[in-house]
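The values are calculated or read from the model by the stated rules, or taken from the named source; none is laboratory data. Note that this is a predicted model, so its numbers are computed, not measured. FYI the Cβ positions are ideal-geometry reconstructions off the backbone, even for glycines, and counts take in every protein chain you see. Just so you know, the surface numbers come from the protein's heavy atoms only, side chains and all, with ligands and any DNA or RNA stripped out. Shrake-Rupley method; radii C 1.70, N 1.55, O 1.52, S 1.80 Å.
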Amino acid sequence: MPFSSNDPAQKRFFKSPILSLSPVRKLASSFLLAAILVVSSIPSIAQTGASAARSLSDPAIESRVDALLPKMTVDEKVGQLVQYSAGQPTGPGTGRTDYEEMIAREQVGSFLNVIEPSLINKYQHIAVEKTRLHIPILFGLDVIHGFKTEFPIPLGLSATWDPSIVERASRVAAMEASADGIKWTFSPMVDIARDARWGRMAEGAGEDPFLGSAMAAAYVRGYQGARLDASDSIAACAKHYVGYGAAEGGRDYNSTEISEHTLRQYYLPPFHAAVDAGVATLMSAFNSLNGLPSTANPFTLKQVLRNEWGFQGLVVSDWNSIGELIPHAIANDGATAAHKAFDAGVDMDMVSSLYHDNLAKLVQSGQVTEAELDQAVRNVLRVKVALGLFEHPYVDETAAPKALYHPDSLAASQAAAERSFVLLKNEAVAGKPLLPLSNTVQNIAVIGPLGDDSTYPNGAPAGSGPRIGLTEALAQRIGREHVARFRGTGVLDANEADIAAAVAGAQKADLVFLALGETQDMSGEAASRAHLGLPGRQQELLEKVIATGKPAVLILFSGRPLTLPWAFEHVPSVLEAWFPGTRGGLALVRTLFGDVNPSGKITVSWPRAVGQEPLYYNALTTGRPPENTDLGHPPTDVASRYVSRYIDEQNTPQFPFGYGATYTTYTYGPTTVSTQKLSAADLNKNLNGASAMRAEAAVTNTGSRAGNEVVQLYVRVQGTSLAQPVRMLKGFQTISLKPGETKHVRFDLNPETFAIWNAENRSAAEPSKLTVWIAPDSTRGTAARAEIVP
């Protein structure tokens, strides 16, 4: 379905009066931001966002919380705000071993990383049956792109440009995780990521706030389902709030400096979309924001989140991020750190134990009022009641195995992978494009460390499910006798004999698949990279195999764009596969042989060199733009030198945001708009009103294969009070076209489409020149021009 600003389900606004804070954090007036709420094409979970949103504000929930709170002591209230890691930790252990005793004393409100149903039940029985108030525990886990049935990583899912696929993936994850007793996931990550050095780019939807907002809402709908208290629903957690993706140097956990204007225009919209979709929880980020750690930031946590957006769920810290206020140097002891985080609006302390150790004392000393404590506890209890934990606290230990790896879930995983692959290059070999392959191909050599399973190159662990990697899927397709497998090199380790064997194997083959890239632990958290080329000796292996002259397809497995200028110049066909999940191998083979026409498009700008980072399409121009300058060569005169450019590299990305090739070809007709003049006054009077402009273009499949095309709409406004990006994505839709078929694509744009965060730090349309493109990516399309008059 199309995504643009005309759909009533996609435009909901929270308005707040002008509020005053300290001069350090001068506030904006009304925060008018459209959150993208998409009606899913999956009938069983359509329209779920609104239902989930209503659940936390249900008067019946508030009534139950009202009845429970007065019965609680201060210590019992503090216990609800304490979370520990037990079971299988994903990070450093908490050092505690007395969990059962703490549960019995009502000193724990939540656990993470407990994944065994029997242990969940053991802890829950203590909480429900051996305590005075019988309050159940909330069990959480990082369920990022699938619980057991793995889908492509979120960056790969975003390349589908299809929120219904994201919603289906998170619905499957919720069904599997809830059957195991997990009722809370620390997902989705909705951080805007503009720097490929930052490893956590893999966990998000890329660099654009419009697309990111659509994906954020889809994740929430999928996880939380039609009702939070359904047996197969889990609470979602939008993270990391906020600005984490702008880490300086692309280095994880690093500081961020983001103006309020930039924060509101780019980094906050996906979080707002998640809140508007009914997300039950948010997680505060590790980073400092303009000198103030996000876990101690009342502007973002109270003013924006609570006052402007009306969020009623719970806010949890990230792992020990309350304790990290001490190395952040805004607290010199644990009591101060706990006080600052609590005062800023963090309800639950993840693993630092500082609320457990200090919060009751802060209440007793009067530094924290019991009313303030009650509000935080209310936020936690509200989520527990909404999830139905009081009625159904236990896990059916016989149900979990039946819910895992369901055939429909595996099919959904494979379909998502097929839509996520991005064909980056496909040049002709012997007169025709190398891909798709013919079914008559005989001898294929699969070379590279990731040719068996990109997620587990050294072998999948027990219990990882019915995984099928590239080599196995290829053997099933053309016969094992036609597939030769050569490791060549590890991702980081190598020896000469393996490289030589791989080159010899390539010489004997008719076609080579090079499966290269990163291991999965080289992207994600704590996986920032200063060099974005192929790690280890993979580049050497690549060059030696290509030197054999055999036709070759490079299949990249990665959680980010990789800078591979040599490969893009010398390798005929390159396919970005991300980390494609449980059925990635089958999806790849179907795509390589043309059963599926690739339609994925990148959601991050692909750099030529790491020195271009941070790199993003929706950038501002400068007073010295390099227009009409040959950037492909070093400057030779004053006119070509003294512009905003590099002297040793082009400004442009290797591939632009929104780019993706295919096995067919499409042509776009000129963009037309329904009016050449809009009134800023009228737009601002009716910001969430009906369509103000219609944009159209004809798209034709001029090739010989049917395909899906992601059609994108961009706008630019010029002459405004603050400079605006050269383009801004404001709509997208996927169309299916048969060979020779033409479709007229239409976008209806509502008034909010033309609003910007202006010099007065409010959202409004301003008189300006307006340009509209309907295009296949962020650099193409024929412009239509109009004007916004006073």
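Using a 1.4 Å probe and counting only protein heavy atoms, arrange SER679, SER284, SER721 so the residue with the most accessible area comes first.
Values: SER679 30, SER284 0, SER721 60 Å².
Result, largest first: SER721, SER679, SER284.
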Reference-scaled alpha-carbon Rg (2.2 N^0.38 Å with N residues) for the stretch 115-261: 1.16
Kindly rank 608-615, 148-155 from highest to lowest mean number of other beta carbons found within 10 Å of each residue. 148-155, 608-615
Can you compute the radius of gyration and Dmax for the stretch 733-776, using only the Cα atoms, both in Å? 16.0, 50
What is the pair-distance distribution P(r) of the stretch 443-489, computed from all Cα-Cα distances in 5 Å bins starting at 0, with each bin given as a whole percent? 5, 22, 30, 22, 15, 5, 1
Percent of Cα-Cα pairs per 10 Å bin, from 0 to the last occupied bin, for the chain, please list those. 3, 14, 23, 25, 19, 11, 4, 0, 0
The stretch 193-320, accessible area per residue, ligands and nucleic acids excluded (1.4 Å, Å²): 19
Computed over the stretch 564-648, the ratio Rg/Rh where both radii use C-alpha atoms and Rh is Kirkwood: 1.12
Ignoring ligands, DNA and RNA, what accessible area per residue does the stretch 453-542 give at 1.4 Å, in Å²? 43
Mean 1/r over all different Cα pairs, inverted: what Kirkwood radius does the stretch 397-462 give, in Å? 16.0
Set of lysines near LYS183 by C-alpha distance (under 27 Å), chain-local residues within fewer than 8 positions excluded: LYS71, LYS77, LYS122, LYS130, LYS148, LYS239, LYS302, LYS384, LYS402
Sequence neighbours fewer than 8 away in the same chain don't count; with that in mind, list the lysines whose C-alpha is under 19 Å from LYS685. LYS11, LYS15, LYS677
Carbon-plus-sulfur fraction of the accessible area of the stretch 631-690, 1.4 Å probe, in percent? 53
Compute the semi-axes of the equivalent ellipsoid of the stretch 405-548, taking the square root of 5 times each eigenvalue of the Cα gyration tensor, and list them largest first in whole Å. 24, 22, 16
Hz values of 3J(HN,Hα) by residue in the stretch 424-429 - Karplus curve (6.51, -1.76, 1.60), Gly and Pro given as x: 8, 7, 7, 7, 6, 10
Share of the stretch 91-214's accessible area from carbon and sulfur, percent, 1.4 Å? 50
Can you return the lysines within cross-link range of LYS544? Criterion is Cα-Cα under 30 Å, with same-chain partners fewer than 8 residues away left out. LYS425, LYS432, LYS508, LYS601
Accessible area per residue, 1.4 Å probe, Å², for the stretch 744-790: what's the number? 38
With every protein chain in place, the stretch 276-423: carbon and sulfur % of accessible area (1.4 Å): 50
³J(HN,Hα) across the stretch 432-437 via Karplus (A = 6.51, B = -1.76, C = 1.60, θ = phi - 60°), whole Hz, x for Gly/Pro? 8, x, 5, 10, x, 7
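For a quick protection proxy, order the peptides 597-605, 524-532, 119-127 by their average other-Cβ count within 10 Å, most packed first.
Values: 597-605: 26.3, 524-532: 16.7, 119-127: 18.4.
Highest-to-lowest ranking by the protection proxy: 597-605, 119-127, 524-532.
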Listed by chain and number, the residues whose amide H is under 5 Å from that of ALA280, excluding neighbours fewer than 5 places away on the same chain and using placed H, are ALA236
Based on DSSP H runs of at least 4 residues, each adding -39500 (n - 2.57), what is the mean residue ellipticity at 222 nm of the chain after dividing by all its residues, to the nearest 500 deg cm²/dmol? -7500 deg cm²/dmol
Short version: what are the Cα gyration tensor semi-axes of the stretch 646-735, square root of 5 times each eigenvalue, largest first, in whole Å? 30, 23, 11
